[in-house]
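J.: Have a look at this one.
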Amino acid sequence: MWEEKLKIYDALVARCSRFERKGKTTPYTSANGYMFSLLNKAGEIGIRFSKDVQEKYMKELNTTHFKSYGATMRGYILIPDEMLSDLDKVAEYLNESYDYVMSLEPK
């Protein structure tokens, strides 16, 4: 199950040429000093957005906040499994998230 989701996550990140996957045990993407996506131990994918965009997508995608290791990750939404059949669309969200963290003050 987790290995299958890792393959999906890797395929998703591979669609985005401006950044690459990091992390061995907890795969993630980061830029500008900020993590902006990750795959948790439950095999769920979370993507980070600004508060306004996050609320918009949670309504549009009928999803919730992303959790990792039992903690709610502020700023992240859970990507519903049914969306993973269209990785090109999810890659658009991931690229949008990258643009968001690049707009923040570098850490």
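J.: Please name all residue pairs, on different chains or six or more residues apart, with Cβ atoms under 6 Å, provided the first residue is in the stretch 16-35 and is on the phi > 0 side of the Ramachandran plot and the second residue is open to solvent by 30 Å² or more (accessible area, probe 1.4 Å) and in a loop (DSSP other than H, G, I, E, B).
T.: Close Cβ pairs (under 6 Å, with a partner that is open to solvent by 30 Å² or more (accessible area, probe 1.4 Å) and in a loop (DSSP other than H, G, I, E, B)) amount to ASN32/PRO106; GLY33/PRO106; GLY33/LYS107.
J.: Follow-up. Residues in the stretch 59-68 that are open to solvent by less than 50 Å² (accessible area, probe 1.4 Å), in contact with a helix residue (DSSP H, G or I) (Cβ under 8 Å, 6 or more places away or on another chain) and part of a strand (DSSP E or B): how many?
T.: Residues that pass the stated criteria total 0.
J.: Can you tell me which residues in the stretch 1-15 are in contact (Cβ under 8 Å) with a residue 40 or more places away in the chain and more than 15 Å from TYR98 (Cβ to Cβ)?
T.: MET1, TRP2, LYS5, ILE8, ALA11
J.: Is it fair to say ASN32 is more than 13 Å from the chain's Cα centre (by Cα), open to solvent by less than 60 Å² (accessible area, probe 1.4 Å), more than 21 Å from GLU4 (Cβ to Cβ) and polar (S, T, N, Q)?
T.: The answer is yes for ASN32.
J.: Still on this structure, I have one more. Any idea which residue in the stretch 1-29 is most open to solvent (accessible area, probe 1.4 Å), counting only those that are charged (D, E, K, R) and assigned to a loop (DSSP other than H, G, I, E, B)?
T.: Restricting to residues being charged (D, E, K, R) and assigned to a loop (DSSP other than H, G, I, E, B), the top hit is LYS24.
J.: So for the stretch 43-56 (the condition being among the polar types (S, T, N, Q), under 27 Å from PRO106 (Cβ atoms) and at pLDDT below 95), does at least one residue qualify?
T.: no
J.: Do you know which residues across the stretch 36-47 are within 11 Å of the chain's Cα centre (by Cα) and touching a residue at least 40 places away in the same chain (Cβ under 8 Å)?
T.: Hits for the stretch 36-47 are PHE36, SER37, ILE45, ILE47.
Here's the yes/no breakdown for (1) open to solvent by 70 Å² or more (accessible area, probe 1.4 Å); (2) under 17 Å from LEU12 (Cβ atoms); (3) without any contact (Cβ under 8 Å) to a residue 40 or more places away in the chain:
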{"site": "PHE49", "(1), (2), (3)": "no, yes, no"}
{"site": "TYR57", "(1), (2), (3)": "no, yes, yes"}
{"site": "GLY70", "(1), (2), (3)": "yes, no, yes"}
{"site": "PRO80", "(1), (2), (3)": "no, yes, yes"}
{"site": "ALA91", "(1), (2), (3)": "no, yes, no"}
{"site": "LEU94", "(1), (2), (3)": "no, yes, no"}
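The values are calculated or read from the model by the stated rules, or taken from the named source; none is laboratory data. Since this is a predicted model, take the numbers as computed values, not measurements. Cβ atoms come from the backbone with ideal geometry, glycine included; neighbour counts cover every protein chain shown. Heads up: the accessible areas ignore ligands, DNA and RNA and are worked out on the full protein's heavy atoms, side chains in. Shrake-Rupley method; radii C 1.70, N 1.55, O 1.52, S 1.80 Å.
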